[in-house]
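Notes to accompany the following structure.
The values are calculated or read from the model by the stated rules, or taken from the named source; none is laboratory data. On a predicted model such as this, the values are computed, not experimentally measured, just so you know. Heads up, the Cβs are rebuilt from the backbone with ideal geometry, glycines too, and the neighbour counts pull from every protein chain shown.
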Amino acid sequence: MTAETTEPAGTGPTAMVKAEGVHKSFGPVEVLKGIDLEVRSGEVFCLIGPSGSGKSTFLRCINHLEKINAGRLYVDGELVGYRQKGDRLYELKDSEVALKRRDIGMVFQRFNLFPHMTAIENVMEAPVQVKGVSKAEARERAGRLLERVGLADKAGNYPSQLSGGQQQRVAIARALAMDPKLMLFDEPTSALDPELVGDVLDVMRDLAESGMTMVVVTHEMGFAREVGDSLVFMDGGVVVESGSPREVLTNPQHERTQSFLSKVL
Amino acid sequence: MTVDIDKTDRPDAAPPAGPEAIKAVPVRHYGRYVAAVVALAVLASIVYAFAQGKINWQAVPDYFFDDRILKGVGQTLLLTVLSMLIGIVGGILLAVMRLSRNPVTSSIAWFYIWFFRGTPVLVQLVVWFNLGLVFEYINLGPIYKDYWSSFMTPLLTALLGLGLNEAAYMAEICRAGLLSVDEGQTEASHALGMSHSKTLRRIVIPQAMRVIVPPTGNEVINMLKTTSLVSVVQFYELFRYAQDIGQTSGAPVEMYFLAAAWYLILTSVLSVGQYYVERYYARGSSRQLPPTPWQKVRANLTSFSNRKGAAA
């Protein structure tokens, strides 16, 4: 916004997300205990770990759905939720936070489609309401996005008339409608029947191939191995192990990673 | 699956040659017969009693469309609509105040609701009516200044009494509605970059309406009946006109019957309206909405003609 956009030291132009010692507590419970990681532009970054390890919380911190208590979190070189002037941090106004969220798409475990709108209205909503795109244009674009996720024929259906897998694909189209530079996936297939998981993963695979930067919290080790560029194993609010998915999944160095993988693979 | 479709498509088709249907003697519920006889007897005695009373039934149709009665109906409807408008706008405002993170506004809203729900509406009306005894003028600085008596007309008294009281009830209904919307909806909307107010207007309120509309319909119907109380603050509406006519025409009880009949007609019309408004806000919530009575009638007619066609 202003000239003094904070460029953190040591961050190249290719870092889409950069976390430095990120802490987050809910009351007395410390969920994130110092996360350091870097997501490069254009890569698929997978977060795995047992439930309660803080991976979803970390994901939600990236678009400021959760406020971090300590550390620094940058998206595309800009501080998340704050502005730094000198040594001082200033909280961003709600409208400024909203402005930044436009560029970050998010897909939720429970889809969170708007149930009172049809599939295509769900996809049109944000471009029309936030960006001020004309309805006709938004409808045309939304139609193409639904086609891309294989649901062109479901445009007029309400979410309750769609299967879980179809709902999740609409949710992906909805996030894509804002032309995000970063997509966050919070266990996108965990609430789906097993036979519906494949369709959603196919859409995500296509998206990865198109060069989208993606941060994916997942339990789908096959997807992580095949599509992921980097992988982080989190446990107890810290990053236990990171590296290329193939390395970490086939040859885990840390004992906790080994015991987790032996249970899920 | 296929069997089901067969059934709905051709209700006249002979049942498939399956196992033989059970024919058994049903259980006799003698208690039900007794209860029905007792209830009918009580009903008959009430009807008999009224038939014995010296009631001039002819007075009811005679005055049913009397100019004063029609004017009263109009005033009753006007008062209902205006009071509900005050109630709904005030209720939304109070609900948002109550849910806000600002402790001052939320406490004030809490106090308002506590006060106006905790005192009878008749008492509130009479208080508004008698404020003239303690205030001589109304003085809103440079905007407005007048004698209290010419400012506080019966209409304004009635509107304040009914509307402000209603706002307290509507606030609780709206609050329950807003809280009923899943938090994930707000999150999804925020994640798309929508502002607080847009999220509220486009995402939360439309979904809250499904919870808000049915009790609001009840409130409208209640309000229509409660307007009869404002006769005590000299506002002329259906009940007050009926009362006046009753005193001059010498048929007071008959005029109360007449008023009751009008109230019944109005509330019945409102109930039908409520049914369709509820249907509208239920869209997207269930896979298939149940048919409206009218659709049922039409469906029955077509299936009936089908059956005839099949028989011929």
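Under 14 Å from the mean Cα position of the chain (by Cα) and either away from chain B (no Cβ under 14 Å) or surrounded by fewer than 20 Cβ atoms within 10 Å (Cβ to Cβ) (or both): does that describe residue A:55?
Answer is yes for this residue.
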### Task
Could you please let me know if residue B:171 is crowded, with 23+ Cβ neighbours inside 10 Å, in contact with a Gly (Cβ under 6 Å, 6 or more places away or on another chain), outside any strand (DSSP E or B) and of a type outside the set (Asp, Glu)?
yes
### Query
If residue B:61 passes every condition in (1) part of a helix (DSSP H, G or I); (2) over 31 Å from the mean Cα position of the chain (by Cα); (3) closer than 28 Å to residue B:243 by Cα but one, which one does it miss?
(2)
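Working carefully through the options B:161, B:141, find the one that is out of contact with any strand residue (DSSP E or B) (no Cβ under 6 Å at 6 or more places or on another chain), free of Cβ contacts under 8 Å to residues at least 24 places away in the same chain and not hydrophobic (A, V, I, L, M, F, W, C).
On the way: B:161 fails: free of Cβ contacts under 8 Å to residues at least 24 places away in the same chain.
It is B:141.
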### Query
Restricting attention to region B:191-207, which residues are within 7 Å of chain A (Cβ to nearest Cβ) and of a type outside the set (S, T, N, Q)?
B:191, B:192, B:193, B:194, B:196, B:198, B:202, B:203, B:206
## Note on the structure
residue A:196 meets each of (1) in contact with a Gly (Cβ under 8 Å, 6 or more places away or on another chain); (2) under 15 Å from residue A:40 (Cα atoms); (3) surrounded by fewer than 20 Cβ atoms within 10 Å (Cβ to Cβ) with one exception, condition (2)
#### Entry: In region A:108-151, the residues that are part of a helix (DSSP H, G or I), without any contact (Cβ under 8 Å) to a residue 24 or more places away in the chain and either more than 14 Å from every other protein chain (Cβ to nearest Cβ) or not β-branched (Val, Ile, Thr) (or both)
A:121, A:129, A:135, A:136, A:137, A:139, A:140, A:143, A:144, A:147
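Going through region A:152-204 one residue at a time, which ones are polar (S, T, N, Q) and away from chain B (no Cβ under 11 Å)? Working first, answer last.
Taking region A:152-204 as the starting set, the residues that turn out to be polar (S, T, N, Q) are A:157, A:160-161, A:163, A:166-168, A:189-190.
Answer for region A:152-204, where residues must be polar (S, T, N, Q) and away from chain B (no Cβ under 11 Å): A:163, A:166, A:167, A:168, A:189, A:190.
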### Message
Residues to consider are B:167, B:188; find the one that is over 18 Å from residue B:274 (Cβ atoms), among the small types (Gly, Ala, Ser) and away from chain A (no Cβ under 12 Å).
### Response
B:167
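Just to be sure, is residue A:100 within 14 Å of another protein chain (Cβ to nearest Cβ), free of Cβ contacts under 8 Å to residues at least 60 places away in the same chain and over 18 Å from the mean Cα position of the chain (by Cα)? Explain how you work it out, then say what you get.
Numbers: within 14 Å of another protein chain (Cβ to nearest Cβ): yes; free of Cβ contacts under 8 Å to residues at least 60 places away in the same chain: yes; over 18 Å from the mean Cα position of the chain (by Cα): no.
Considered against the rule, which asks whether it is within 14 Å of another protein chain (Cβ to nearest Cβ), free of Cβ contacts under 8 Å to residues at least 60 places away in the same chain and over 18 Å from the mean Cα position of the chain (by Cα), residue A:100 comes out as no.
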## Note on the structure
Here the qualifying pairs (Cβ atoms under 8 Å; residues six or more apart or on different chains; first in region B:193-209 and free of Cβ contacts under 8 Å to residues at least 12 places away in the same chain; second polar (S, T, N, Q)) come out as B:194/A:129; B:195/A:95; B:198/A:129; B:198/B:189
### Task
Assess whether residue A:105 counts as being more than 7 Å from every other protein chain (Cβ to nearest Cβ) and within 27 Å of residue A:217 (Cα to Cα).
yes
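Criterion first (at pLDDT below 95, facing another protein chain (nearest Cβ under 10 Å) and at negative phi) does residue A:67 satisfy it? Let's see the steps before the verdict.
On the way: at pLDDT below 95: yes; facing another protein chain (nearest Cβ under 10 Å): no; at negative phi: yes.
When the stated conditions are applied, residue A:67 does not pass them.
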### Task
Go through the residues of region B:260-275 one by one and say whether even a single one is within 14 Å of chain A (Cβ to nearest Cβ) and over 19 Å from residue B:169 (Cβ atoms).
no
#### Entry: Tally, over region B:261-286, of residues that are out of contact with any helix residue (DSSP H, G or I) (no Cβ under 7 Å at 6 or more places or on another chain) and surrounded by 15 or more Cβ atoms within 10 Å (Cβ to Cβ)
1
